[in-house]
Amino acid sequence: MNNQKLSFIQNEFIPLVQQLDPAATGKWGKMNAQQMVEHVTAFFKVSTGRLQFAIVTPAEHLPKYKEFLLSDKEFRENTRAPQEVLGEDPLPLRSSSMEAAIAGLQQSIDEFVEFYTNDAEKTVPHPVFGELNFAEWVLLHHKHVVHHAKQFGLL
């Protein structure tokens, strides 16, 4: 398991997003900064099974997706989740403020780590990548938060 990537998720991503104006827009995409924080929060909830989606990737394509996940390749700009998972437009804001959204993100990150503390091999499905264990979720979360940090010019 890549401890550097987990450390970035736990210790570096939140201070980066704390620099953002809630209404800031990214270099690509439709989300503003607070929508992005809430989107990333929801993504952590998927990794603990608190938010569930059906797997939309055909089984025969999952090995290719897993190969990407295990690689050092990053998500390309404008990479979008399948429409049947997230829809066309960003979700409405759920938190009363950027500070509240960031607090929710911190809680979801903490819950993610806690969820796998006693069993890093248990798996939870991701709608695109299929069943993932803790180490695979760390890789995916790292790719995801780096993607959004770059989207908003934080990296």
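The values are calculated or read from the model by the stated rules, or taken from the named source; none is laboratory data. Small disclaimer: the values here were computed from a predicted structure and weren't measured. So basically every Cβ, Gly included, is an ideal-geometry build from the backbone, and we count neighbours across all protein chains shown. The protein model used for the area step is the full one, side chains on, heavy atoms only, and it has no ligands, DNA or RNA in it. Shrake-Rupley method; radii C 1.70, N 1.55, O 1.52, S 1.80 Å.
When both the range 52-122 and the range 137-155 are represented by their alpha-carbon centers, they are found 11 Å apart. Here the range 9-155 is assigned +1 on the Cβ of each Lys and Arg and -1 on the Cβ of each Asp and Glu. Its dipole about the Cα centre then comes out at about 320 debye. Heavy-atom accessible area, probed at 1.4 angstrom with all protein chains present, ranks His141, His39, His61 as His61, His39, His141, highest first.
For Lys150, a cut-off of 27 angstrom between C-alpha atoms picks up these lysines, skipping any fewer than 8 places away in its own chain: Lys5, Lys27, Lys30, Lys45, Lys64, Lys66, Lys73.
Report which label in (i) 8.5; (ii) 8.0; (iii) 11.1 holds the value of mean projected area of the Cα convex hull in nm² derived from the coordinates of this structure. Evaluating mean projected area of the Cα convex hull in nm² on these atoms matches (i). Site pair Gln107 and Glu121 shows an inter-label distance of 3.3 nm when each label is modelled 7 Å from Cα along Cα→Cβ. The trypsin sites (Lys or Arg not before Pro) found in the range 94-155 that occupy coil by DSSP, while having at most 14 further C-beta atoms within 10 Å, are Arg94, Lys122.
Computed per residue of the chain from DSSP H runs no shorter than four, each worth -39500 (n - 2.57), the mean residue ellipticity at 222 nm is -14500 deg cm²/dmol.
Computed on protein heavy atoms with a 1.4 Å probe, the accessible areas place Glu38, Glu111 in the order Glu111, Glu38, largest first. Spin-label pair Lys27-Leu93: with each label point 7 Å from Cα along the Cα-Cβ axis, the two points sit 2.5 nm from one another. In the chain, a dipole from Cβ-located charges (positive for Lys and Arg, negative for Asp and Glu) runs towards its positive end, and of Gly29, His142, Met98 it is Gly29 whose Cα lies farthest in that direction. Full extension of the chain segment joining Lys66 with Gln10 gains 17.8 nm, where the gain is 0.36 nm per residue of separation less the Cα-Cα distance. Near Phe68: Cβ cut-off under 13 Å, other residues only, Lys/Arg at +1 and Asp/Glu at -1. The net charge is +1. Leaving out same-chain residues fewer than 8 places away, which aspartates and glutamates sit with a Cα under 12 Å from that of Lys122? Straight-distance partners of Lys122: Glu131, Glu136.
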